[in-house]
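Report on one structure; see the data block that follows.
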Amino acid sequence: MNVSILGCGYVGLVTGVCLAELGHTIIGVDVDKNKIESINNGHPPLYEDKLPELLLKNLKNKKFIATIDLKSALSSSEFVFVCVGTPQLDSGETNLDFINSAFTSLSEELKTRKIPLTIVIKSTVPPGTNDLMLSLLEKKSGKKEGVDFHLLSNPEFLREGKAIYDFFNPDKIVIGARNKNASERLKNLYSGLPGKIIETDPKTAEMIKYANNAFLATKISFSNEIGNICKKLDIDSYNVMDAIGLDQRIGRAFLDSGIGFGGSCFPKDVKSLIYTSKKLKYEPKLLEQVVELNEKQPLKIIELLKKSLPNLKGRTIGVLGLAFKPDTDDIREAPSIKIVDALLKEGSKIVVYDPKAMDNFKKLYPQIKYVTVEEVIRSEAVLILTEWKEFESFNYKGKIVVAGRRIKKAREAKIYEGVCW
Ligand code: UGA
């Protein structure tokens, strides 16, 4: 089938290239000319495992192309996936400006369109947004859902760094539609993929996405809470989590304690759900605690560092890992940001290394030193902030290491402390 993807950011590009791999013909649309040029030259504007290979392959076999021309893309498409960004406002509310402008453009297209269009919202949007966009479309275009177009919600559950794998191996595909016919069309588009298909209404589909992320974030804050107690009792929280994870009602996934969750999704989505809830006059105390604990968690590493170096002023502190997790160059909401801020405030000299995220970090912190692994290890104390696999092969003997993420080899250090172990 012919599909346009509106927004060639992380979700849009991965979805587009993977749909092309399933055999569909995809046109990626974005307003950023440079991004489009780089995608068409086979260079994804972000680091994601296996994406360059898949992009190149599908550009070559003409299953994927990117453009800034939305109108011509839509004219040859039966489907359009809305994958634009939904950033966060200071209040926690989701900023729907890009969604609104995408739907204004789509309503222009619908005005003159002769054949039906199936519109799919993939961006993460607060429950009720699909209903709002339906009113906007019908009002502005004068066309009717079910006759001239369909509007569905189909949230994504892709993890950065593993997004291609996750696309082809989903646990579930959630389809929020108002009628069976529309739902069937989307099911056909995904045919060949494993995973259970959940057919529901759009508002429930939107809520499933928030509940999914909020639950995973809650598991992490729970493991950090238990981890903080364990640390005071001199217990390794991983041993506790490994044991409780065997209870099938609990499960081991997302119980790795450490310096907390970061990234562009968990912090933003939990805050958005809190905002939605408060607007509805319900105080979501559990979710508020999940966020509060997470905001304080990175600074545990500074407390522990001070056990070895009570005065950090003028001391050279090495940081291993800046990305919010391994296999990505993404530093959005990364715990490393809070930790580097704290070290700067203490007056420390900071030297850092990350295999992929240094360029992004440099834009925020040009004043610190970006060095080799060897130089980081030579510093007076080393902080481990991302569990990159390659950190398992370094020599930590004789060093002071404080670990915010688990690297087994670092235990050989002269002084070794883990935040929750
Ligand atoms: C998350 C979800 O896992 C995806 O299913 C979802 O599609 C995505 O958000 C989204 O909403 O788009 P992602 O942000 O890529 O994916 O990263 P995760 O692998 O979920 O990790 C998030 C953070 O939690 C990282 O900082 C990670 O280090 C931390 N984490 C994860 C822990 O601290 N402990 C754990 O046990 C697991």
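The values are calculated or read from the model by the stated rules, or taken from the named source; none is laboratory data. Source: prediction; values computed, not measured. In this analysis, Cβ positions are derived from the backbone assuming ideal geometry, glycine residues included, and neighbour counts consider all displayed protein chains. All accessible areas refer to the heavy atoms of the entire protein, side chains included, with ligands and DNA or RNA removed. Shrake-Rupley method; radii C 1.70, N 1.55, O 1.52, S 1.80 Å.
Would a scan of the range 300-317 turn up a residue that is within 16 Å of the ligand (Cβ to nearest atom) and touching a Gly at 6+ places or on another chain (Cβ under 6 Å)? Scanning the range 300-317, I find at least one residue that is within 16 Å of the ligand (Cβ to nearest atom) and touching a Gly at 6+ places or on another chain (Cβ under 6 Å), so the answer is yes. Just one residue in the set VAL402, VAL373, VAL382 is within 17 Å of TYR238 (Cβ to Cβ) and more than 23 Å from the chain's Cα centre (by Cα); that residue is VAL402. Taking the range 11-25 as the range and being in contact with a Cys (Cβ under 9 Å, 6 or more places away or on another chain) and of a type in the set (Ser, Thr, Tyr) as the test, only THR15 passes. Taking the range 227-243 as the range and being within 12 Å of the ligand (Cβ to nearest atom) and touching a residue at least 60 places away in the same chain (Cβ under 8 Å) as the test, the residues that pass are GLY227, SER237, TYR238. Checking each residue in the range 124-161 for being within 16 Å of the ligand (Cβ to nearest atom) and within 17 Å of CYS83 (Cβ to Cβ) picks out THR124, VAL125, PRO126, THR129, SER153, ASN154, PRO155, GLU156, PHE157, LEU158, ARG159, GLU160.
Within this structure, VAL340 fails the test of being more than 12 Å from the ligand (Cβ to nearest atom) and over 14 Å from PRO298 (Cβ atoms). When the range 326-365 is filtered for residues that are under 18 Å from VAL376 (Cβ atoms), aliphatic (A, V, I, L, M) and within 21 Å of the chain's Cα centre (by Cα), the ones remaining, listed by number, are ILE331, ALA334, ILE337, ILE339, ALA357, MET358.
Reported count of residues in the range 135-157, each being surrounded by fewer than 21 Cβ atoms within 10 Å (Cβ to Cβ) and out of contact with any Pro (no Cβ under 8 Å at 6 or more places or on another chain), is 11. Close contacts from the range 319-343, counting a first residue that is open to solvent by 20 Å² or more (accessible area, probe 1.4 Å) and a second that is among the hydroxyl-bearing types (Ser, Thr, Tyr), with Cβ to Cβ under 8 Å and a gap of 6+ residues or different chains, come to PHE324/SER336; PHE324/THR386; LYS325/THR386; PRO326/THR386; ASP329/TYR47; ARG332/SER264; GLU333/SER264. Do we have LYS111 as touching a Ser or Thr at 6+ places or on another chain (Cβ under 7 Å) and basic (Lys, Arg) here? Considered against the rule, which asks whether it is touching a Ser or Thr at 6+ places or on another chain (Cβ under 7 Å) and basic (Lys, Arg), LYS111 comes out as yes. In the range 200-207, the condition of being on the phi < 0 side of the Ramachandran plot, at pLDDT 95 or above, away from the ligand (no atom under 16 Å from the Cβ) and open to solvent by less than 10 Å² (accessible area, probe 1.4 Å) is met by at least one residue. Within the range 250-281, being within 13 Å of the ligand (Cβ to nearest atom) and open to solvent by 50 Å² or more (accessible area, probe 1.4 Å) holds for ILE250, ARG252, ALA253, PHE254, ASP256. Does THR386 meet the test of being closer than 27 Å to MET241 by Cβ, modelled with pLDDT of 95 or more, β-branched (Val, Ile, Thr) and open to solvent by less than 10 Å² (accessible area, probe 1.4 Å)? Yes.
With respect to LEU246, determine if the residue is surrounded by fewer than 17 Cβ atoms within 10 Å (Cβ to Cβ), more than 25 Å from the chain's Cα centre (by Cα) and either within 11 Å of the ligand (Cβ to nearest atom) or of a type in the set (A, V, I, L, M, F, W, C) (or both). For LEU246, the condition - surrounded by fewer than 17 Cβ atoms within 10 Å (Cβ to Cβ), more than 25 Å from the chain's Cα centre (by Cα) and either within 11 Å of the ligand (Cβ to nearest atom) or of a type in the set (A, V, I, L, M, F, W, C) (or both) - is met.
Among the listed residues ILE220, ILE173, identify the single one that is in contact (Cβ under 8 Å) with a residue 40 or more places away in the chain and within 15 Å of the ligand (Cβ to nearest atom). That would be ILE220, the only listed residue that is in contact (Cβ under 8 Å) with a residue 40 or more places away in the chain and within 15 Å of the ligand (Cβ to nearest atom). All of ASP97, ASP30 fail the test of being open to solvent by 40 Å² or more (accessible area, probe 1.4 Å) and out of contact with any Phe, Trp or Tyr (no Cβ under 7 Å at 6 or more places or on another chain), apart from ASP97.
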